[in-house]
Amino acid sequence: MPAIQLDNLSIGYPILHSGHRSLKKSFVSAATGGKILRESRKAPYVQALKQISASIQAGDKVGLVGPNGAGKTTLLRAIAGIYEPMSGQVYTEGRITALLDVGLGVNIDMTGRENIMLRGNYMGIRPKEMAKLAPEIEAFTELDEYLDMPLRTYSAGMRIRLVFGIATSVKPDVLLMDEWVMAGDAAFLDKAKARMQDFVSSSSILVLASHNNAIISKWCNKAMFLLSGELVAFGEVQEVLERYNDYANKRR
């Protein structure tokens, strides 16, 4: 059964090479009061997530809320297996689809059709299965002759159409989604709305990072409030949103 288990998950980003001291390091350390920089094998790093523990089960649609830099995208990437924990563990069960980065799993020098197969491989879909899905994906994107052109000739909106079409072609057990998917043009969003609603509804688990509380309220039944890499609250969506809104209002 699909599930996500986070056990004291901590993630840090190294800033300098191991053992390397510099004026930049001293300046940042002084500016942050030493709260951001830590020492790991004599290498300074920013601690992006700090001992996050949570259990997400089948049927949970979890919205990640918090200000910029809270750790929302980092947590999504950790669950997807992109970032390796510095300490703690991430356990997942089920087929994961991650809508996190429009450039992830694509090659800008390959055509749209070639990238359909490439990203399918990245998603763990067999070539024969992906070849059967390709015609529907191509029709959805409405990219027509651009499908035979390299991705470097695409606009940002065209790339989103292609990646979105590929990613939503297979129903996942676990769907991880960052809010970039909301950044397409108006015509695309209108067309994609029903497809996305069906895609979200069919996933057993959803973890969505967004600054839009209306979207969190609509699609999620639970929420996590992250602040400076720490888990402040995890529970029923409206209760967590109220706590986050109280924090945001005090900051104004």
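The values are calculated or read from the model by the stated rules, or taken from the named source; none is laboratory data. Note that the structure is predicted; figures quoted are calculated from it, not measured. All Cβ positions, glycine included, derive from the backbone under ideal geometry; neighbour counts span all protein chains shown. These area figures cover heavy atoms from the full protein model, side chains too; ligands, DNA and RNA do not enter into them. Shrake-Rupley method; radii C 1.70, N 1.55, O 1.52, S 1.80 Å.
Within the range 132-151, residues that are free of Cβ contacts under 8 Å to residues at least 12 places away in the same chain sit with their Cβ atoms under 9 Å from residues that are open to solvent by less than 70 Å² (accessible area, probe 1.4 Å) and part of a helix (DSSP H, G or I), at 6+ positions apart or across chains, in these pairs: Ala139/Gly165; Asp144/Glu138. Residues of the range 86-105 that are outside any strand (DSSP E or B) and under 16 Å from the mean Cα position of the chain (by Cα): Arg95, Leu100, Asp101, Val102, Gly103, Leu104, Gly105. Checking Glu129, Glu142, Glu138 one by one, the residue that is more than 21 Å from the chain's Cα centre (by Cα) and at pLDDT 95 or above is Glu138 and no other.
For the range 200-216, filtered to residues that are under 16 Å from the mean Cα position of the chain (by Cα) and of a type in the set (S, T, N, Q), the residue that is surrounded by the most Cβ atoms within 10 Å (Cβ to Cβ) is Ser203. In the range 156-178, the condition of being modelled with pLDDT of 95 or more and of a type in the set (S, T, N, Q) is met by no residue. Go through the residues of the range 128-145 one by one and say whether even a single one is in a loop (DSSP other than H, G, I, E, B), open to solvent by 40 Å² or more (accessible area, probe 1.4 Å) and farther than 22 Å from Phe234 by Cα. Yes, the range 128-145 contains a residue that is in a loop (DSSP other than H, G, I, E, B), open to solvent by 40 Å² or more (accessible area, probe 1.4 Å) and farther than 22 Å from Phe234 by Cα. For the subset of the range 234-248 comprising residues that are out of contact with any Ser or Thr (no Cβ under 8 Å at 6 or more places or on another chain) and open to solvent by less than 80 Å² (accessible area, probe 1.4 Å), which member is nearest to Ser53 (Cα to Cα)? Filtering the range 234-248 for residues that are out of contact with any Ser or Thr (no Cβ under 8 Å at 6 or more places or on another chain) and open to solvent by less than 80 Å² (accessible area, probe 1.4 Å), the one nearest to Ser53 (Cα to Cα) comes out as Phe234. Restricted to helices (runs of 4 or more DSSP H) entirely inside the range 152-242, those with at least 3 residues that are without any contact (Cβ under 8 Å) to a residue 12 or more places away in the chain are 186-202.
Answer yes or no: is there a residue in the range 217-233 that is modelled with pLDDT of 90 or more, aromatic (Phe, Trp, Tyr), farther than 21 Å from Arg161 by Cα and open to solvent by 60 Å² or more (accessible area, probe 1.4 Å). Looking through the range 217-233, none of the residues is modelled with pLDDT of 90 or more, aromatic (Phe, Trp, Tyr), farther than 21 Å from Arg161 by Cα and open to solvent by 60 Å² or more (accessible area, probe 1.4 Å).
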